[in-house]
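Below is one structure, written out as structure tokens; the observations come after it.
Bear in mind that the values in this text are calculations on the coordinates, not laboratory data. All values reported here derive from a predicted model rather than from experimental measurement. For neighbour counting, all protein chains shown are included, and Cβ atoms are generated from backbone atoms with ideal geometry for every residue, glycine included.
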């Protein structure tokens, strides 16, 4: 009777291992849904959030400089326009 109990245990262990293997294969071959893709994007963004913050800061600094230089060009153009109008009046 002791050998029968050992055989039953081996059968149940085999069934459990086969089930785990089958579930693993099924999960690895399933198609990705939109939620899986969104989860992957979120995970990648979280992994690189420091890089993203640095890049965003760099872009904002460049935009600020471009804005300030553009504003200076407009002020210079307005000043030149005013000087030209004064010269035409006299």
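Data for the structure
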read-out: With Cα atoms, 0 to 90° folded angle of helix 49-89 axis to the chain main axis; value: 10
read-out: Span per principal axis, largest first, for the Cα atoms of the chain (Å); value: 123, 23, 11
read-out: Sites residue 77 and residue 47, calculated FRET efficiency, Cβ-Cβ separation with R0 35 Å, nearest 0.05; value: 0.15
read-out: GNM flexibility winner over the chain from 50, 24, 34 (Cα, springs under 10 Å); value: 24
